[in-house]
Amino acid sequence: GNENNLVEITTEDSGPAVQGESKMVRFKWDKSEGSARTVEVAGSWSGWTDIHPLKDMGESFEDNIIIPLGTQSFKFILDSGHWTHSHQYPVDTDERGNNNNQVVVLDTTEDAEPLGMTAQEQEEADFKHLMSEKDRKKEEQRG
């Protein structure tokens, strides 16, 4: 039965190491920088191919993306076509003269907090709450 123990140990060891190589990072596009119906993020960590949509939070578009440790470049994509950078993040100009935002993800970087409800979800929740209030009042009147 010794072999089983060995297997268990190795899986446990590899667990945290893999996790430690990437972090949950919050990306945020402030609507004051430019209004858009949709905002997405693409970055060097996926070779600019993995487009991640941000959630409409009311004043901003935001979401958490798991990205590898190190210095990563990224851009915001407004309305699916307009690639741009934000003034809220450091800007790096590459050898072709493209301006990209930069984020440095360290081992010590805290994982971003889970995102709250989006503006739309908030409205729906408020609406449901209002409806249930009305229903409760009806019940009281009936009783």
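Things worth noting here:
- Lone unmet requirement of (1) among the hydrophobic types (A, V, I, L, M, F, W, C); (2) assigned to a loop (DSSP other than H, G, I, E, B); (3) open to solvent by 50 Å² or more (accessible area, probe 1.4 Å) for W83: (2)
- Output for segment 53-80, where each listed residue is open to solvent by less than 50 Å² (accessible area, probe 1.4 Å) and either under 23 Å from Q120 (Cα atoms) or in contact (Cβ under 8 Å) with a residue 60 or more places away in the chain (or both): L54, M57, G58, S60, F61, E62, D63, N64, I65, F76, I77, L78
- Taking the criterion of being at pLDDT 90 or above and among the charged types (D, E, K, R), the residues of segment 78-106 that qualify are D79, D92, E95, R96.
- Residues of segment 98-114 that are within 21 Å of the chain's Cα centre (by Cα), in a loop (DSSP other than H, G, I, E, B) and surrounded by 10 or more Cβ atoms within 10 Å (Cβ to Cβ): L106, T109, D111, A112.
- Annotation: Q88 fulfils all but one of (1) of a type outside the set (V, I, T); (2) open to solvent by 90 Å² or more (accessible area, probe 1.4 Å); (3) out of contact with any Asp or Glu (no Cβ under 7 Å at 6 or more places or on another chain); the unmet one is (3).
- Filtered residue count, segment 30-48, keeping only those that are modelled with pLDDT of 95 or more, more than 13 Å from I67 (Cβ to Cβ), small (G, A, S) and open to solvent by 30 Å² or more (accessible area, probe 1.4 Å): 1
- Residue within segment 115-133 that is open to solvent by less than 50 Å² (accessible area, probe 1.4 Å), closer than 16 Å to W29 by Cβ, under 15 Å from the mean Cα position of the chain (by Cα) and modelled with pLDDT of 95 or more present: no
- Residues within segment 54-97 that are over 17 Å from the mean Cα position of the chain (by Cα) and of a type in the set (A, V, I, L, M, F, W, C), tallied: 2
- Filtered by the rule that a residue be in a strand (DSSP E or B) and hydroxyl-bearing (S, T, Y), segment 61-80 gives T71, S73.
- Every condition in (1) open to solvent by 80 Å² or more (accessible area, probe 1.4 Å); (2) under 20 Å from S35 (Cα atoms) holds for E95 except the one numbered (2).
The values are calculated or read from the model by the stated rules, or taken from the named source; none is laboratory data. Just so you know, these numbers come straight off a predicted model, no measurement behind them. Positions of Cβ are generated from backbone atoms using ideal geometry, with glycine treated the same way; all protein chains shown enter the neighbour counts. Accessible surface areas use protein heavy atoms only, side chains included; no ligands, DNA or RNA. Shrake-Rupley method; radii C 1.70, N 1.55, O 1.52, S 1.80 Å.
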